[in-house]
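Below is one structure, written out as structure tokens, with a few remarks after it.
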Amino acid sequence: MDIKKNQNLIAVVPRARPPLPRMQTKTYRSTRTLPKCYDEDIDDDDDSNDDSDDEDKSQEEIRSEGFHRMSKEHLLDSLSPISGSPEKSIRRKNRHDPDDNDADDDDDDDYDGRKSSKTQVDSSRKKKKPLIQQIRKSEPVKHNFFQWLFFIGLVIIFIAIIPYLSVALNAQNVESSVNKTNKEDVKLIMNNFRKNINDIRLIFKNQDDTIWNDIEGRIYEIIVNPKRPTVIFLFANDDQPMFCLARLLGNASRTVLNCEEDLLLTADDSILGDDYGMVIENLKDKIIQQRVVIFENILNINPEAMRAFHNLCDSENPLVRNAIYILTMVNNKNDNNYYKKTMNTRESMKFIEHQLTQKLTGNIDPDKLQPLVTRMTDAVIINVQSEPEFQSCPLRY
């Protein structure tokens with residue numbers, strides 16, 4: 001009967017991980033049986049000491065002590081090492097039991113062991129925190145260092161650039177002053193050229209008024225941009241007024257390029273032979289010296305020599321820059337279907353292209369024909385009208 005009573009004792013078991021700050025307790029009946037060693041001792045004591053009340057009390061104390069010890073071991077095993085509050089409550093509860101000093105000592109040893117291990121982990125974490133904090137504190141210092149280094153580099157670069165900036169500003173000032181003088185020079189040159197054109201207009205009264213503005217515009221282009229040549233293309237049925245006009249325009253253009261005299265070339269000149277390479281070589285030296293070149297009736301020039309106009313009239317990569325070419329063409333009367341007495345610019349260009357194509361077809365490579373014609377017609381095209389009052393040219397040639 002005593003054993004059954006002891007087996008039905010009530011033990012208080014707290015939850016291992018309480019959801020709330022305070023621990024909630026739960027009562028349940030212990031189903032754990034006592035060890036066999038206790039059962040055998042109790043059976044022997046019952047057989048030998050049934051008539052003695054003192055011995056019964058001593059046996060009850062032994063059994064209660066063993067049960068308390070086993071229940072505490074069960075509680076300690078069920079509790080996790082993280083939650084220390086239930087252990088503390090049990091320790092506080094058992095401090096007032098004078099009969100359980102030995103069990104309390106064992107529990108204290110286990111608790112102290114877990115506590116020491118926990119304190120070691122906490123101490124290791126605490127030791128690591130200062131190192132992490134030092135690293136975090138050092139990061140802003142490094143960042144500030146690189147900022148200062150970058151700032152110093154910018155200052156050094158700025159100091160190094162100052163001389164170049166001063167040189168550039170001085171060059172810009174010089175260029176602006178040169179531009180001012182150039183503008184004044186251009187204005188003076190154009191005024192002189194315009195006076196010469198007005199004198200020519202008095203001789204050629206039967207010409208269209210627009211041609212003079214076109215000529216002035218092309219001369220102004222070569223003054224402003226001397227890196228490309230200027231081409232003036234004259235064509236007419238009557239050769240005498242046209243040749244005189246070409247010579248007068250060449251004479252007026254010499255003052256623009258500051259040349260002593262112009263260069264007049266005809267089909268009979270040896271410089272315009274049938275060797276394309278020799279023509280280019282000889283023309284280059286002559287053009288560099290005189291800058292203004294007049295070609296008389298280009299339809300009479302050898303086709304191989306005419307190939308030189310591809311290099312002379314090229315606006316992107318010319319043979320000689322800062323040059324003026326005046327081309328003249330007497331219309332071929334055998335093929336004069338496109339000619340009109342009055343033609344606009346488009347009709348005049350179409351007529352010239354037709355005349356040049358008829359001249360060069362079969363004499364040069366067909367692949368080179370159209371590029372050559374295109375460069376020769378990239379010019380001021382003037383259809384020179386006949387002059388009834390024209391008697392002689394003021395300039396002899």
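Some observations on this one:
- Some residue of the range 216-237 being more than 24 Å from S315 (Cβ to Cβ) and either touching a residue at least 60 places away in the same chain (Cβ under 8 Å) or not in a helix (DSSP H, G or I) (or both): yes
- Restricting attention to the range 300-318, the residues being buried (at least 22 other Cβ atoms within 10 Å of the Cβ), assigned to a helix (DSSP H, G or I) and touching an Asp or Glu at 6+ places or on another chain (Cβ under 9 Å) number 1.
- Residue count for the range 286-313 satisfying the condition of being out of contact with any Leu (no Cβ under 8 Å at 6 or more places or on another chain) and at positive phi: 1.
- Only one of the numbered conditions (1) closer than 23 Å to F351 by Cα; (2) at pLDDT 90 or above; (3) more than 55 Å from the chain's Cα centre (by Cα); (4) of a type outside the set (A, V, I, L, M, F, W, C) is not met by T210, and that is (3).
- Subset of the range 220-277 [β-branched (V, I, T) and touching a Phe, Trp or Tyr at 6+ places or on another chain (Cβ under 6 Å)]: V231, V256
- Subset of the range 350-391 [without any contact (Cβ under 8 Å) to a residue 40 or more places away in the chain and under 22 Å from C244 (Cα atoms)]: Q391
- Taking the range 269-299 as the range and being farther than 21 Å from L257 by Cβ and either free of Cβ contacts under 8 Å to residues at least 12 places away in the same chain or surrounded by fewer than 15 Cβ atoms within 10 Å (Cβ to Cβ) (or both) as the test, the residues that pass are D269, S270, G273, D274, D275, G277, M278, E281.
- Options M278, M306: the member that is more than 27 Å from P226 (Cβ to Cβ) and of a type in the set (A, V, I, L, M, F, W, C): M278
- Test for N331: is it buried (at least 19 other Cβ atoms within 10 Å of the Cβ), among the polar types (S, T, N, Q) and modelled with pLDDT of 90 or more: no
- The set of residues in the range 351-362 that are surrounded by fewer than 13 Cβ atoms within 10 Å (Cβ to Cβ) and either among the polar types (S, T, N, Q) or closer than 18 Å to L234 by Cα (or both) contains only T361.
- Residues located in the range 244-279, provided they are assigned to a loop (DSSP other than H, G, I, E, B) and hydrophobic (A, V, I, L, M, F, W, C): C259, A267, I271, L272
Listed here are the residues, each with its yes/no results for (1) out of contact with any strand residue (DSSP E or B) (no Cβ under 6 Å at 6 or more places or on another chain); (2) surrounded by fewer than 13 Cβ atoms within 10 Å (Cβ to Cβ).
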{"site": "N196", "(1), (2)": "yes, no"}
{"site": "L202", "(1), (2)": "yes, yes"}
{"site": "D214", "(1), (2)": "no, no"}
{"site": "I219", "(1), (2)": "yes, no"}
{"site": "V224", "(1), (2)": "yes, yes"}
{"site": "F233", "(1), (2)": "no, no"}
{"site": "D238", "(1), (2)": "yes, no"}
{"site": "C244", "(1), (2)": "yes, no"}
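- Residue identified as outside any helix (DSSP H, G or I) and farther than 21 Å from D239 by Cα among R375, R346, R321: R321
The values are calculated or read from the model by the stated rules, or taken from the named source; none is laboratory data. Note that the coordinates shown come from a computational prediction; the quantities given were computed from them, not determined experimentally. Because the Cβ atoms are built from the backbone with ideal geometry, glycine has one as well, and the counts that use them run over all protein chains shown.
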